[in-house]
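Heads up: the structure comes next, in structure tokens.
The values are calculated or read from the model by the stated rules, or taken from the named source; none is laboratory data. Since we're looking at a predicted model, the values are computed, not measured. Reconstructed Cβ throughout: ideal geometry from the backbone, glycine too, with neighbour counts over all protein chains shown. We work out accessible area using only protein heavy atoms, side chains counted, and drop any ligands, DNA or RNA first. Shrake-Rupley method; radii C 1.70, N 1.55, O 1.52, S 1.80 Å.
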Amino acid sequence: MTEMKTEKPAISAAIIVDGGKVLMVRRRISEGELSWQFPAGAVEAGESMEEAAVRETLEETGLVVEAVKLIGDRVHPKSKRFMGYTAARVVSGEAHVADADELDAIAWVALGEIPEYVPYGLFEPVQDYLNETLAG
């Protein structure tokens, strides 16, 4: 008898700071309240969280980024998926909706504007990283 694997793959999110703002994307299909979020997607076989964050950012926004560090991970309280959060910096390109099937908008968001986009708050290590990175 073969064992069926029903576990969903982990999700990797890219936290991209540039010009004093963080990049957020709005999904066409919202996950409950999770309408605005960071570029993110499923980690593929053999891929690290950081590699997935870089790949997903390129696929969704056309932006070439480089992973800086893994900020943290958790089981997301709303989606129940295992999530990793990777800090990344822009290498080249202009952010735009590169995958119109998945996204309908992007925004560069200042620290003080984040609650307007994510009213339920951010994962604490991500908020701490943004407070530190965007405060200056």
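In this structure, residue 45 and residue 81 have a Cβ-Cβ separation that, at R0 = 22 Å, corresponds to a calculated FRET efficiency of about 0.85. Pairing the Cα long axis of helix 124-134 with the longest principal axis of the chain, what angle in degrees results, from 0 to 90 and rounded to the nearest 10? Rounded to the nearest ten degrees, it is 30.
The lysine pair tally for the chain, using Cα distances under 23 Å and a gap of 8 or more places or different chains, is 5. Given their separation in residues at 0.36 nm each and the Cα-Cα distance between them, residue 128 and residue 26 gain 34.5 nm when the chain is fully extended. Dipole of the chain (Lys/Arg Cβ +1, Asp/Glu Cβ -1, origin at the Cα centre): which of 123, 133, 77 lies farthest to the positive side? Highest projection toward the positive end goes to 77. Taking the accessible area of the chain, probe 1.4 Å, and keeping the other protein chains in place, the carbon and sulfur fraction comes to 50%. Ordered by solvent-accessible area of protein heavy atoms (1.4 Å probe), largest first, the residues 29, 15 come out as 29, 15. Using +1 at the Cβ of each Lys and Arg and -1 at the Cβ of each Asp and Glu in the chain, identify which of 35, 23, 103 lies farthest towards the dipole's positive end. Farthest towards the positive end: 35. In this entry, the chain is assigned a mean projected area of 8.8 nm², taken as a quarter of its C-alpha convex hull surface.
Compared with the dominant Cα axis of the chain, that is its longest principal axis, helix 49-61 is turned about 70°.
Where only DSSP H runs of four or more residues are counted, the chain gives -6000 deg cm²/dmol as its mean residue ellipticity at 222 nm, each run worth -39500 (n - 2.57).
Using a probe of 1.4 angstrom and keeping all protein chains present, the accessible surface of the chain works out to 56 square angstrom per residue.
Loop sites by DSSP among the trypsin sites (Lys or Arg not before Pro) of the chain, restricted to those with at most 12 other Cβ atoms within 10 angstrom, leave 6-77 as the longest stretch without any of them. Dimensions of the stretch 79-136 along the principal axes, based on C-alpha atoms and rounded to the nearest Å, stand at 32, 30, 22, largest first. Among the GluC sites (Glu not before Pro) within the stretch 53-130, those in coil by DSSP and having at most 10 neighbouring Cβ atoms inside 10 Å are 94.
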